[in-house]
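Enquirer: Let me begin by handing over the structure; questions about it come next.
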Amino acid sequence: MRKHPAADSKVATMKRELLRFNGAVERAPAIDAWMREYRGELGALAHHWFGVMRKCGDEVRELLHDGCPVVCLGDAPFGCVNVFTSYVNVGFFHGAALPDPARLLEGTGKFMRHVKLRPERPTNAAALTRLIEAAYSDIKARVENG
């Protein structure tokens, strides 16, 4: 039995809705308070890499979501940081779609990926910076193209 050609085109045109967060602002005081809670090497790592995300573009907004700092393009999240007992996670909401030639990304989820940073291990700063820039470019394209 042959499938109707329109059946395939409907599937091909379906798009996944973007995750959106209400309440993102240019600079969230709650995030600055969160950063002050984490001192030492882990806090410094989280603060540094969140700062890199904050500087991606003029449209970057932020909020505290599920207890961790998140950066958004408008209201569409693209990155986050979180501090754990022995490492810092730099997370990417659409990380599964990002190019990662340095193979920094971890995770097996459908969308989310993260990079674990440990003070005792050197960070490939150039590769992580490229991932952050790619995540920002990716969310910008997703927002602009619907």
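Enquirer: Those residues that are surrounded by fewer than 24 Cβ atoms within 10 Å (Cβ to Cβ), over 17 Å from HIS114 (Cα atoms) and of a type outside the set (A, V, I, L, M, F, W, C), I need them from segment 55-82; list them, please.
Expert: Passing the criteria: LYS55, GLY57, ASP58, GLU59, ARG61, GLY74, ASP75.
Enquirer: Here are some conditions: (1) in contact with a Leu (Cβ under 8 Å, 6 or more places away or on another chain); (2) within 22 Å of GLU26 (Cα to Cα). GLY67 meets all but one. Which one does it not meet?
Expert: Among (1) in contact with a Leu (Cβ under 8 Å, 6 or more places away or on another chain); (2) within 22 Å of GLU26 (Cα to Cα), the lone unmet condition for GLY67 is (1).
Enquirer: Scan segment 98-129 for residues that are in contact (Cβ under 8 Å) with a residue 24 or more places away in the chain, farther than 14 Å from ALA46 by Cα and surrounded by 13 or more Cβ atoms within 10 Å (Cβ to Cβ) and jot them down.
Expert: LEU98, ASP100, ALA102, LEU104, LEU105, ALA127
Enquirer: Among (1) assigned to a helix (DSSP H, G or I); (2) of a type in the set (Phe, Trp, Tyr); (3) at pLDDT below 95, which single condition is PHE21 missing?
Expert: Result: PHE21 fails condition (1) only.
The values are calculated or read from the model by the stated rules, or taken from the named source; none is laboratory data. Nothing here was measured: the structure is a model prediction, and the numbers come from that model. Positions of Cβ are backbone-derived with ideal geometry, glycine not excepted, and every protein chain shown enters the neighbour counts.
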